[in-house]
1. Determine whether the stretch 190-208 contains at least one residue that is surrounded by 14 or more Cβ atoms within 10 Å (Cβ to Cβ), within 20 Å of Gly272 (Cβ to Cβ), in contact with an Asp or Glu (Cβ under 8 Å, 6 or more places away or on another chain) and among the aliphatic types (A, V, I, L, M).
2. Say we look at the stretch 349-377 and pick out the residues that are in contact with a Leu (Cβ under 7 Å, 6 or more places away or on another chain) and closer than 14 Å to Leu284 by Cα; which of these is surrounded by the most Cβ atoms within 10 Å (Cβ to Cβ)?
3. Only one residue in Pro343, Pro365, Pro374 is in contact (Cβ under 8 Å) with a residue 60 or more places away in the chain and of a type outside the set (D, E, K, R), so which one is that?
4. I need the full set of residues from the stretch 150-183 which are surrounded by fewer than 20 Cβ atoms within 10 Å (Cβ to Cβ), modelled with pLDDT of 85 or more and at negative phi, in order please.
5. For the structure I just gave you, tell me whether Val220 is touching a Pro at 6+ places or on another chain (Cβ under 6 Å) and not assigned by TED's automatic domain parsing to the domain that holds Thr136.
6. With the condition kept exactly as written, say whether any residue in the stretch 209-224 is in contact (Cβ under 8 Å) with a residue 60 or more places away in the chain, under 16 Å from the mean Cα position of the chain (by Cα) and assigned to a loop (DSSP other than H, G, I, E, B).
7. If I filter the stretch 295-343 down to residues being among the small types (Gly, Ala, Ser) and touching a Phe, Trp or Tyr at 6+ places or on another chain (Cβ under 8 Å), which single residue comes out as surrounded by the most Cβ atoms within 10 Å (Cβ to Cβ)?
8. Being modelled with pLDDT of 85 or more, over 29 Å from Arg357 (Cα atoms), loosely packed, with under 14 Cβ neighbours inside 10 Å and under 26 Å from the mean Cα position of the chain (by Cα) is true for just one of Asp52, Asp103. Which residue is that?
Amino acid sequence: MRLSHQAARLRTGAVRLPFPAALLAGCTAALLLQPASGASAAPLAPGAERRDFPGGGTTTSLPLSAGHGLAPSTTRPYELLGVGWDGPAGALDGGSVRVRTRDAATGRWSDWHTLEADPEDGPDHAPHGATAPLWTGRSDGVAVEVRPGPAGPPPGLRVDLVDPGAGAPAPSATRTLPAAPADGGQAPRPGIVTRAGWGADESLREPGFEYTGPVRAVFVHHTATATDYACSDAPRVIRSIYQYHVKTSGWRDIGYNFLVDRCGTIYEGRAGGVAQPVHGAHTLGFNTDSSGVAAIGTFVNDTPPQQLLDGLTAISAWKLGLTGQAADGHTKLTSGSDASRYPKGTVVDFDAISGHRDAFNTECPGNALYARLPALRTAAAKLQNR
């Protein structure tokens, strides 16, 4: 799963997006929002909707009218964006979406960045369509160009701007699930920051939980956000992803089961209990009997830090060990979607710890991280005393 495979680096709050600036041809919808002071108190543009959530986050939706430019406007501060619509997930097939963002600290505009209009992750039956989201860092302006596919623009086309806020307050006793020793020959449970610990607003997600059969595979992802972030900012990134997955993409909860930051800290993802086989939305076609673990960062070229690899190893070894699955073994899963790499109903032999690309035609989790998976499997198996 990814937010973008050409992620920006975040340096002291400034985002650099070095992407091609050539304009798209054809029918476009363009929104050009100019720099302005006092963006946090600026009124909403005509037709915009702002949703405030109890945990302090907000999502501002700006309509995109196909073939018509929208009047110049300003945005309130946000940190992640994406484009959604009311039609089916494939409604923009054959089309494209590009964005530019304005850095709130420097006033600089980025180059154009292409959003993935056909994200390969999510539930096997998505309720409606949305692009992959893009982490921008603190921004207060945006420009969007949409080139519809052969079917034309889908209804309800909009750009959603996500501000994760400060997060829902959590009592200190509920912020971290402490590490626990190995039990019955299984790998030890690593320390895990709970949903309360990263400030999840539980009112956003659907109530109740969904479970699958025993977890027999872990799919490793990267979020394709900046790799040089301060680890103290990881909860903001997670809250932004959570908010976008639920409120823009229409999923019941955040897609990943776990996330790991560059310092090796492990975070609980989708609700339902870290030891339970929670049904995630991370690997289209193979969300059943599996768990999705996302490395926060972009690892196409950047080498994953050893602490991050240690965190991935620890959570994978423990999660697979709960069902007696050898971390360096193989398992068979059945495809649940024709949109995956394998037609629906195909039985596929996977490594117990696999990359997202093993199940879908994608770069995720990036070449640099994918190359470390063999060593990660060996290390995880050692934690299982195998």
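The values are calculated or read from the model by the stated rules, or taken from the named source; none is laboratory data. A quick note: this is a predicted structure, and the numbers were derived from the prediction, not measured. With ideal geometry, Cβ positions are generated from the backbone for all residues, glycine too; neighbour counts draw on all protein chains shown.
1. Within the stretch 190-208 (the criterion being surrounded by 14 or more Cβ atoms within 10 Å (Cβ to Cβ), within 20 Å of Gly272 (Cβ to Cβ), in contact with an Asp or Glu (Cβ under 8 Å, 6 or more places away or on another chain) and among the aliphatic types (A, V, I, L, M)), the answer is yes, since at least one residue qualifies.
2. Going through the qualifying residues, I end up with Gly355.
3. Pro365
4. Pro150, Ala151, Pro155, Ala166, Arg175, Thr176, Leu177, Pro178, Ala179, Ala180, Pro181, listed by residue number.
5. So Val220 passes the test.
6. Yes - at least one qualifying residue is present in the stretch 209-224.
7. Applying the filter and picking the extreme gives Gly297.
8. Exactly one of Asp52, Asp103 is modelled with pLDDT of 85 or more, over 29 Å from Arg357 (Cα atoms), loosely packed, with under 14 Cβ neighbours inside 10 Å and under 26 Å from the mean Cα position of the chain (by Cα), namely Asp52.
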